[in-house]
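Everything below concerns the one structure shown next.
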Amino acid sequence: MNQPGSAPSAGASSPLTEHEAAQVARANASGLQPVVFVHGLWLLPSSWDRWASVFEEAGYTALAPGWPDDPRTVAEANAHPEVFANKTVGQVADHFETVIRRLRRKPIIVGHSFGGLLVQMLAGRGLALATVAIDPAPFRGVLPLPISALRSAWPVLGNPANRGKAVALTFEQFRFAFANAVGEQEARELYATFAVPASGAPLFQAATANFNPWTEVKVDTANPERGPMLIISGEKDHTVPWAIANASYRRQRRNGGLTEIAEMPGRGHALTVDSGWREVADASLAFMRRVQPAVAAVSPP
């Protein structure tokens, strides 16, 4: 397999935006360890801005690429929801592979929700120095389907036509799926600040992954080049409850690399953007600092 810094594989040909290319150039020029942040559905790369600042202050260089065609701002996203339609899991994973392969150093990767699924896919391709998957969406082989997870996804899955559309959440839907563990005022602030429409396709792909042997929603958990991995679960998460996160962990721990799971007490699916985001960021940073010397010792420069 090609290492970061080499030409992308045939399946990873999605072009970088000017902004993403600038992020890659900045990271390569810095000589610092890159950290790539991967957002999930109903959020934008800007949802990682505070995280990026913390990690830069800690001595890393941070990149937050978008999914293909992501608008730069929440206002633009809500004005043009159609740009999110028909983005599949495989297409997005290949786009992030393109970003990573243009880095001179293998990155640490951090993802939330469907971003948590994507970083596991990328780690399974041998592209990560270490991985943090936060409330990760399930992949093929992860079997639990709690009622709260189904209810969170129902605004999309309830209408088969949504597979080819961009779907926005109402505040009430966002409150249940993301912001159930915070107060009403904070929930409304989070909705206004971060919520954008999302492609319906990934949810349909995840829902059918265990019935489709050709699904894109699969992870190579056995790759010896996967690297250390931490899975973080929010105790009160409705969208990706403990049962799903723990089932992902049980599949991942079969890998020869270090695999850990941690539960954040009292936290919901908005744990990366709500008022307690720093606690999750610090836990992720602590894991990186703990494992990075070991993985750097065995990884190519």
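The values are calculated or read from the model by the stated rules, or taken from the named source; none is laboratory data. Just so it is clear, the model here is predicted, and its values are computed rather than measured. All Cβ positions, glycine included, derive from the backbone under ideal geometry; neighbour counts span all protein chains shown.
Count of the stretch 149-164 residues, restricted to those that are assigned to a loop (DSSP other than H, G, I, E, B) and within 15 Å of VAL89 (Cβ to Cβ), is 0. Just for the stretch 166-182: of the residues that are in a loop (DSSP other than H, G, I, E, B) and closer than 30 Å to THR259 by Cα, which one is nearest to the chain's Cα centre (by Cα)? Out of the qualifying residues, it is PHE178.
Against the criterion of being touching a helix residue (DSSP H, G or I) at 6+ places or on another chain (Cβ under 6 Å), surrounded by 18 or more Cβ atoms within 10 Å (Cβ to Cβ) and closer than 25 Å to PRO71 by Cβ, LEU203 qualifies.
Checked against the criteria, ARG250 counts as without any contact (Cβ under 8 Å) to a residue 40 or more places away in the chain and not small (Gly, Ala, Ser). For the stretch 253-263, does any single residue satisfy the condition of being among the small types (Gly, Ala, Ser), modelled with pLDDT of 95 or more and within 26 Å of SER53 (Cα to Cα)? Yes. For the stretch 217-234, the condition of being touching a strand residue (DSSP E or B) at 6+ places or on another chain (Cβ under 8 Å), more than 14 Å from GLY116 (Cβ to Cβ), among the acidic types (Asp, Glu) and surrounded by fewer than 17 Cβ atoms within 10 Å (Cβ to Cβ) holds for none of the residues. Residues that are without any contact (Cβ under 8 Å) to a residue 24 or more places away in the chain, in contact with a helix residue (DSSP H, G or I) (Cβ under 7 Å, 6 or more places away or on another chain) and more than 26 Å from GLN292 (Cβ to Cβ): does the stretch 144-166 have at least one? The answer is yes, given that some residue of the stretch 144-166 is without any contact (Cβ under 8 Å) to a residue 24 or more places away in the chain, in contact with a helix residue (DSSP H, G or I) (Cβ under 7 Å, 6 or more places away or on another chain) and more than 26 Å from GLN292 (Cβ to Cβ).
Among the residues making up the stretch 35-52, those that are buried (at least 24 other Cβ atoms within 10 Å of the Cβ) and within 22 Å of ARG163 (Cα to Cα) are VAL38, HIS39, GLY40, LEU41, TRP42, LEU43.
Whenever a residue of the stretch 32-61 is without any contact (Cβ under 8 Å) to a residue 40 or more places away in the chain and in a helix (DSSP H, G or I), its partners that are crowded, with 23+ Cβ neighbours inside 10 Å and among the hydrophobic types (A, V, I, L, M, F, W, C), lying with C-beta atoms within less than 7 angstrom and at least six residues away or across chains, give the pairs ALA52/PHE37; ALA52/ALA62; GLU56/ALA62.
Yes or no, residue by residue, for (1) aromatic (Phe, Trp, Tyr); (2) buried (at least 18 other Cβ atoms within 10 Å of the Cβ):
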| site | (1), (2) |
| --- | --- |
| ALA58 | no, no |
| LEU63 | no, yes |
| TRP67 | yes, yes |
| ALA93 | no, yes |
| VAL110 | no, yes |
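In the set GLN185, GLN292, only one residue is in contact (Cβ under 8 Å) with a residue 40 or more places away in the chain, part of a helix (DSSP H, G or I) and not small (Gly, Ala, Ser); that residue is GLN292.
Note on the stretch 112-139: residues that are at positive phi and either assigned to a strand (DSSP E or B) or crowded, with 24+ Cβ neighbours inside 10 Å (or both) amount to 2.
Among the residues of the stretch 147-165, is any under 19 Å from the mean Cα position of the chain (by Cα) and farther than 15 Å from THR239 by Cβ? Within the stretch 147-165, not a single residue is under 19 Å from the mean Cα position of the chain (by Cα) and farther than 15 Å from THR239 by Cβ.
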